[in-house]
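*Asks:* To start, I am sharing the structure in question, which I have written as structure tokens.
Each value in this text was obtained by applying a stated rule to the coordinates, not by laboratory testing. These numbers come from a predicted model, not from an experiment. Please note: Cβ atoms are built from the backbone with ideal geometry, for glycine as well, and neighbour counts cover all protein chains shown.
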Amino acid sequence: MFVAPHIEWAALSPVLILLGAAVIGVLVEAFVPRGSRRLVQVVVAALALGGALVAVTWRWTVVQQDGPSSLVAGALREDAPALLFQAILLILALLALLVIADRARGEDAFTPTASAIPGSEYEGQARRAGLAQTEVFPLTMFAVTGMLVFPAAADLLTMFIALEVLSLPLYLLAGMARRRRLVSQEASLKYFLLGAFSSAFFLMGLALLYGYAGSVHLADIATAVPLVSGMDGLLLAGSALVIIGLLFKVGAVPFHSWTPDVYQGAPTPITGFMAACTKVAAFAALLRFVYVVTPGLGWDLAPFLWIVAILTMVVGTVLAIVQTDMKRTLAYSSVAHAGFLLLGIIALDERGISGILVYLLAYGLATVGAFALVTLVRTKDAEGNLVGEAGHLSEWAGLGRRSPVLAVCFALFLLSFAGIPLTAGFTGKFAVFGAAVAGGDWPLVVIAVLASAAAAFFYVRIIVLMFFTEPATGEDGSATTVVRSEGLTAVAVVVCAVGTVLVGVVPTAVLAVAAQASKFLL
Amino acid sequence: MTNPFIPILVMAALALLMAIGGVAASAVIGPKRYNKVKVDAYECGIQPSPHAMGMGRFPIKYYLVAMTFIIFDIEVVFMYPWAVAFTELAMFGLIAMLGFLFLITVPFIYEWRRGGLDWD
Amino acid sequence: MSILNYLVLSGILFAIGGTAVLVRRNAIVAFMGVELMLNAANLTLVTFARMHGDLTGQVIAFFVMVVAAAEVVIGLAIIVSIFRTRGSASLDDASLLKS
Amino acid sequence: MSIDLAAILIVAVPLASAGVLLLLGRRSDGWGHWLGVLASAASAVMAFVILFGLLGRGAEDRAVDVHLFSWIPAGELDVDAGFLVDPLSATFLLLITFVGTLIHVYAVAYMEHDDDRRRFFAYLNLFIAAMLILVLADSFALLFVGWEGVGLASYLLIGFWNQRTEYAVAAKKAFVMNRVGDMGLIIAMGAMFASIGSVDFETVFAAAPELSEGWATAIGIALLIGACGKSAQFPLQAWLGDAMAGPTPVSALIHAATMVTAGVYLVVRSGAIFEASPTAQLLVVIVGAITLVFGAIVGCAKDDIKKALAASTMSQIGYMMLAAGLGPIGYAFAIFHLLTHGFFKAGMFLGAGSVMHGMNDEVNMRGFGGLSRFMKVTWITFGLGWLAIIGFPGLSGFWSKDKIIEAAFVGEGWQPWVFGMVALLAAGLTAFYMSRLFFMTFHGKARWNDGKNEAPGPEQHPHESPLLMTVPMIVLAVGSLGLGAFLAFGDRFFHWLEPVTGHAEHHDPVIPIPVIMGATVVLMLIGVLLAWRQYWASSVPLMPPTGSVLTRAARRDLYQDSVNEAVFARPGTHTVRTLTYADTAVVDGAVNGLGAGAVGLGERLRKLQNGHVRSYSAAMSVGVVLVLVIVLVARI
């Protein structure tokens, strides 16, 4: 009755490497003395991400030769798009890791004692002792593991588990900011509660689809679509709920309300990591679900997806315009980007897949880079003590004159967000909008173009603020200052900037690879 | 053939009888002397915290143990289906279960080394 | 007994859970609402497993239980730490982040 | 050197120079400006290499496609980046690099006391490179890259003195209005892609004649919107006046000679599309005609010398637009006028800069007067520019403008009469306001404080500018004087452009040509005479006459002045006011309205984000329920 499944160890190697690193990370916490933990953790994590990237590249060549295959009794699917999504994820995670590990001014972005009461004597002692919450690294590794499984998940159960594996560490990481502990904890609570709420919907959708098809394999559900009649309700409601669960993760309206609060409250390096990587993973899963299961339902799900896409673009853009906090502005802009990406999902076209791949790469590079820069801009009080990150937009005024390099990089990322030609963002928008046009979704593209024109307004506003406005000093004598990174953040920013320019100026290679990857999904 | 549920019904009736009977008997027979310890809330034998919600120290250890318990207890749920299919899965199943147990042990070691199990 | 009854029951449980999340102020109770929703899904899964004569649904239910347990642990950790900071587990108090 | 290599170098050199200047930062402060000049000069040399390369070929092979690389090769969305060198783009190359180099030289002296001179030159070089990409592009996609590039450079240069808030605001206004135009271009590209499946010139223009009229009109109107944004044409003209906040060399190069003419270039280049849609063509002519009159009226009322020149630029581009909308018959005239205008207007802007240089950055013409004695070179060069723009027989402007007026009279029905009369009338207006500007600045009594008279303000010591500034002005003045005649002689310029613009059949205007010519000259003379009476022969009040306290002598002249004001200036002011109002209320309103609407909507939506988890989950639940209803109801 039960048959032992065949395990394709080689194909699982990227996931296994990361999982192994995460487990080793936990053991390091247990056995390595406090002083050397951080170094060991960073090295283990970086090696694991690099190793996984190599493994993914190797699997890519194998898949190019032998074609896609199913793994572990159909739980996972190894095909070109999945591998490419994983590669993008690993690159972005590696860059984000550099930012997470950076200790500008000898302090990382995380509280030394997440469990202590903020402002308590114990916390003060821990800070003075220079303690560090190095659990951040194994948690990050677990999250990346979940993300890596997400694009390849070929059944809903695997998808659900991967969703939880990537979410649970993020809930914790969101609450570990060094400064503004209350806000950080609140972000954590909100993220957790709403995340759990949305996964309940996902699970209910899973159950309904199981009831409809008698299986949770995406391929089985897809084949059942034309066959089983009389239970359309189950199928449609199930698909809708599963899609809603995924839309929550990508931050689409009206399931976006956690995004601004969590992005603002979480430690900034984590915000960058989660904004970039979660979005990549969730879109990968959404893409697979929509393209494999629901092509036959296009007509029924289209109104829903159209409305969500339009709302997401409009609400994200409009709310970004009225924000006064830098991280919140970027959060809403990420909501708007989710809307643009949904165009590629709706297109239901091969080009949609490659478009989304390119767009996500462009968006991810700019996001990691932008948040990395946000970590470096700090407020200084009248006595010259660093108080925390400069969150309010007005504090960014005149930055162009004080740290031109930083400001120029930030402007570059903003221009990429805005989709100005010769930046990666333009290539991405071009690819996605092109796919949507080819899919015949003209009205959506018109709205998207209008929304991105309006969005350019607030990106430009920030650039104007940085370059053409006098730096302001607060009433209490506080001022904005830029701290020197330990070097890691600088490396990450430079890589992101170079990547953004390269993908914008010579997108040929990236587009070619993405086009290759869009061929055999299913 | 009698209904297979009858033994369960009988079990339930007996359990009910014991529960109600015990309380009733102590109410009828037992001596009635009250003191502070008796009227206090019962918290698994530890000193009840004075005002659980609000002022005073929060019994964080208690929650820690509860969480540890929940997670390790629930993981065991996977052993039941494994036990059912043990023969068919044979060596593969054994190795897989050992791997699973190892993975469970890792956080246990972490908790132990970081002092999560020290009571004070 | 018809399969439909179980489905209706799980639907009701799901709705009760959802309502609890929406109306209860206490973070722990709201969270219990989420757990109730997960269990409603479990009931659905088991019901369908029965209907299809297939074990997948039951196996999934096991997985869901474990995931729910993990969620409980993390959720409690977050709620406890925020409670210790603020002395309250009310969701409405946690509204520093807005607009 | 081959044309291919020259075409690549002409862009690469200024781009590299800009990069070096920006990257080296303060380290290159000492010599950065000369590097900028050299880079621009090198481009000019390349432009001549290209010119002679093309002249060495037969008229038919004067089109070289330089393939650079495959930019976005995504299936059907195949976009190659390449340069197209043909007589039209070569003409622009010469204009941009030649005038650009002169202005670079001028700016070395003009910006001497600015700490950020190096950065200024970096931006100028960046502008040159972007503008060259714009005119060299062989597809709308690459053209768009240049289009955005010049927009960016213009934005950076307008806001160069960004320490002053109003300048930064002006820069932003220019940027936002340009974005409206850019949207037009993007939409045009989208429509091209939808209807033709490509955005490169060759394919699009080959397919244009077969295009259905609906598509052609849609693309044409979208392109026109793009052109209006960049060329400050009605109704997107408002930014140009404010753009004068930038340093004067910028106004000369970008906002007179080159960038603002990009719209005309776009319309001429896309001629094939406009020819497929008479509606779009008519719209181009109407837009040109409206701007022509609009700019002229505004020019009559402005007291700020740079703003008056800006209004005149707007008006002259209106001429070019009008010509470009007339079809093949007008293309060559439009480009011809663009070329001569590039010279005389740049020369006048430099002259204005020279005047400001000598007058402590004063821009109010009511505070000038009688400067001809103090700035001989400036006076003469500016005078030549003035004669050229009013169309004085023999000078550059005469040849180019007259052709346009004649062409406007060609056609059937009401159109030649209306557009012809507008073009004719505007020639008179042009003569009036340019003479007003010239006389108010250089002639009449000195109205500035020379230490002896009772004029208010600090004492002024007007002086001629250094050689570095006067030499470029002289060169441009020579161009204003002779370029028109040189090119018009034997129609050589029109033959040169023929491979691009196509051969235009000769048509007779509805009025005989000598009559038109005569009328033009008469109107011109009337305009000059009126201006002479008002601004030279009689004294000009220091304050604009409305509601100001004036000296007794000025008060006596007020009557005369107000007649003049009533005839020209007051309606002008009123029209300007109304138009400005319409501009603020309608166009800015639309732009701001979009912004304000978004902000209002945002403020409302913001309330939903109240920080309470429970309302977030409520929003999600409502979403879920709605989704289920939509999905399930759609099924039933």
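*Asks:* For D:LYS230, D:LYS403, what ranking results if the residue with the fewest other Cβ atoms within 10 Å of its Cβ goes first?
*Replies:* Ranked by crowding around the Cβ, least crowded first: D:LYS403, D:LYS230.
*Asks:* In the protein assembly as shown, if the dipole is taken from +1 on Lys/Arg beta carbons and -1 on Asp/Glu beta carbons about the Cα centre, which of B:GLY93, C:LEU7, D:GLY288 is farthest to the positive end?
*Replies:* Value computed over the given set: C:LEU7.
*Asks:* Across the protein assembly as shown, what fraction of all alpha-carbon pairs, as a whole percent, falls in each successive 20 Å bin from zero upward?
*Replies:* Bins of 20 Å from zero give 10, 33, 29, 18, 7, 2, 0 percent of pairs.
*Asks:* To the nearest 0.05, what FRET efficiency results for D:ASP115 and A:ALA472 with a Förster distance of 25 Å applied to their C-beta separation? Walk me through the numbers on the way to the answer.
*Replies:* Values: r = 22 Å, r/R0 = 0.88.
My answer for the efficiency is 0.70.
*Asks:* I've got another one for you. Separation between the D:ASP61 and D:LEU605 pseudo-spin-labels, each 7 Å from Cα along Cα→Cβ, expressed in nm?
*Replies:* Once both label points are built, they end up 5.9 nm from each other.
*Asks:* Can you pull the mean other chain C-beta count within 10 Å for peptide C:28-38? Walk me through the numbers on the way to the answer.
*Replies:* Details: counts 0, 0, 6, 5, 0, 5, 10, 2, 1, 7, 5.
For this peptide, the per-residue mean of nearby foreign Cβ atoms is 4.
*Asks:* In cubic angstrom, how much convex hull volume per residue do the alpha carbon atoms of region A:303-517 span?
*Replies:* Per-residue hull volume (Cα only) is 108 Å³.
*Asks:* Treat every Asp and Glu Cβ in chain A as -1 and every Lys and Arg Cβ as +1, leave all other atoms uncharged, and give the resulting dipole magnitude about the Cα centre to the nearest 20 debye.
*Replies:* That gives chain A a dipole magnitude of about 880 debye.
*Asks:* For D:LEU88, what charge total do you get from the other residues with a beta carbon under 13 Å from its beta carbon, if Lys and Arg give +1 and Asp and Glu give -1?
*Replies:* Details: positive: D:ARG62, D:ARG269; negative: D:ASP86, D:ASP138, D:GLU498.
Here the charged neighbours net out to -1.
*Asks:* Would you mind checking which residues have amide H under 5 Å from A:ARG178's amide H? H placed 1.01 Å from N; only 5 or more apart, or other chain.
*Replies:* A:PHE110, A:THR111
*Asks:* Sorted from fewest to most neighbouring beta carbons within 10 Å, what does the list D:PHE409, D:PHE274 look like? Each step should come with its number before you reach the end.
*Replies:* Details: D:PHE409 23, D:PHE274 27.
Taking fewest neighbouring Cβ atoms as first place, the list is D:PHE409, D:PHE274.
*Asks:* What is the Cα centroid distance between region D:248-297 and region A:413-430, reported in whole angstrom?
*Replies:* 29 Å
*Asks:* What do you get for GluC sites (Glu not before Pro) in region D:345-443 restricted to DSSP loop and a cutoff of at most 14 other Cβ within 10 Å of the site's Cβ? All intermediate terms of the calculation are to be shown ahead of the outcome.
*Replies:* Numbers: sites: D:GLU362, D:GLU406, D:GLU412; in loops: D:GLU362, D:GLU412.
Sparse-neighbourhood loop GluC sites (Glu not before Pro): D:GLU412.
*Asks:* How much mean residue ellipticity at 222 nm does chain C get from its helices, if each DSSP H run of length 4 or more adds -39500 (n - 2.57) and you divide by all residues, to the nearest 500 deg cm²/dmol?
*Replies:* On the way: 3 runs with 78 residues, N = 99.
Using -39500 (n - 2.57) per qualifying helix, the result is -28000 deg cm²/dmol.
*Asks:* For the pair B:THR68/D:VAL629, report the inter-label distance in nm, with labels modelled 7 Å from Cα in the Cβ direction.
*Replies:* So the two model labels end up 5.1 nm from each other.
*Asks:* Show me the chymotrypsin sites (Phe, Trp or Tyr not before Pro) within region B:68-120 that DSSP assigns to loop and that have at most 14 other Cβ atoms within 10 Å of their Cβ. List each step's numbers first, then the result.
*Replies:* On the way: sites: B:PHE69, B:PHE72, B:PHE78, B:TRP82, B:PHE86, B:PHE92, B:PHE100, B:PHE102, B:PHE108, B:TYR110, B:TRP112, B:TRP119; in loops: B:TRP119.
For chymotrypsin sites (Phe, Trp or Tyr not before Pro) across region B:68-120 that sit outside H, G, I, E and B with at most 14 neighbouring Cβ atoms in 10 Å, the list reads B:TRP119.
*Asks:* Let's test the formula: R0 of 22 Å, r as the Cβ-Cβ distance of A:ALA219 and C:LEU4. What FRET efficiency results, to the nearest 0.05? The partial results should precede the final answer.
*Replies:* Details: r = 28 Å, r/R0 = 1.29.
Step by step, r from the Cβ atoms, then E = 0.20.
*Asks:* Quick one: which of B:21-31, D:215-225, D:4-14 comes out on top by average Cβ neighbours within 10 Å, and what's the full order, highest first?
*Replies:* On the way: B:21-31: 8.9, D:215-225: 23.5, D:4-14: 21.1.
Listed from highest to lowest mean packing, they are D:215-225, D:4-14, B:21-31.
*Asks:* I would also like to ask the following. For chain A, which span is the longest to avoid every loop-located (per DSSP) member of chymotrypsin sites (Phe, Trp or Tyr not before Pro) having at most 16 other Cβ atoms inside 10 Å?
*Replies:* On the way: sites that count: A:PHE2, A:PHE520.
So the longest stretch without any such site is A:3-519.
*Asks:* Please give the calculated 222 nm ellipticity per residue for chain A, where each DSSP H segment of at least 4 residues contributes -39500 (n - 2.57) and the sum is spread over every residue; nearest 500 deg cm²/dmol?
*Replies:* After summing the helix terms and dividing by residue count, I get -24500 deg cm²/dmol.
*Asks:* For C:81-90, what's the mean count of beta carbons from other chains sitting within 10 Å of each residue's beta carbon? Intermediate values should be presented prior to the final figure.
*Replies:* Numbers: counts 12, 9, 5, 9, 9, 5, 5, 2, 2, 0.
Per-residue shielding by partner chains comes out at 6.
*Asks:* Hey, what do the phi angles of region C:55-70 turn into as Karplus ³J(HN,Hα) couplings, whole Hz, using 6.51/-1.76/1.60 and θ = phi - 60°, x for Gly and Pro?
*Replies:* These are the phi-based 3J(HN,Hα) values: 8, 3, x, 5, 4, 4, 4, 4, 4, 4, 4, 5, 4, 4, 4, 4 Hz.
*Asks:* Which ³J(HN,Hα) values in Hz, rounded to whole numbers, follow from the phi angles of region A:106-116 under the Karplus curve 6.51 cos²θ - 1.76 cosθ + 1.60, where θ = phi - 60° and Gly and Pro get x?
*Replies:* Those phi angles translate into x, 10, 8, 8, 10, 5, x, 9, 5, 8, 6 Hz.
*Asks:* Rank A:MET326, A:VAL408, A:LEU386 by how far each Cα sits towards the positive end of the charge dipole of region A:303-517 (+1 on Lys, Arg Cβ; -1 on Asp, Glu Cβ) and give me just the farthest.
*Replies:* A:VAL408
*Asks:* Continuing with this model, one more query. Note down the net charge around A:VAL308, summing +1 for each Lys or Arg and -1 for each Asp or Glu among other residues with Cβ under 15 Å from its Cβ. Provide the component values of the computation, followed by the final result.
*Replies:* Values: positive: A:LYS249; negative: A:ASP300, A:ASP441.
Around A:VAL308, the charge tally is -1.
*Asks:* Helix A:80-101 versus the longest principal axis of chain A: what is the Cα-based angle in degrees, 0 to 90, to the nearest 10?
*Replies:* So the helix axis and the longest Cα principal axis differ by about 20 degrees.
*Asks:* Determine, from the Cβ-Cβ distance of A:ALA4 and B:ILE6 and an R0 of 45 Å, the FRET efficiency 1/(1 + (r/R0)^6), rounded to the nearest 0.05. It would help to have the intermediate numbers written out before the result.
*Replies:* On the way: r = 40 Å, r/R0 = 0.89.
It comes out at approximately 0.65.
*Asks:* Roughly how many debye, to the nearest 20, is the charge dipole of region A:336-423 about its Cα centre, given +1 on each Lys and Arg Cβ, -1 on each Asp and Glu Cβ, and no other charges?
*Replies:* Roughly 220 debye for region A:336-423.
*Asks:* Still on this structure, I have one more. Note down the nm distance, to one decimal, between modelled labels 7 Å out along Cα→Cβ at D:LYS376 and at D:ILE513.
*Replies:* Roughly 4.1 nm, to one decimal.
*Asks:* Among C:GLY53, A:ILE270, D:CYS228, which residue has its Cα positioned farthest towards the positive end of the charge dipole of the protein assembly as shown, with +1 placed on the Cβ of Lys and Arg, -1 on the Cβ of Asp and Glu, and the dipole taken about the Cα centre?
*Replies:* Working it through, the farthest residue towards the positive pole turns out to be A:ILE270.
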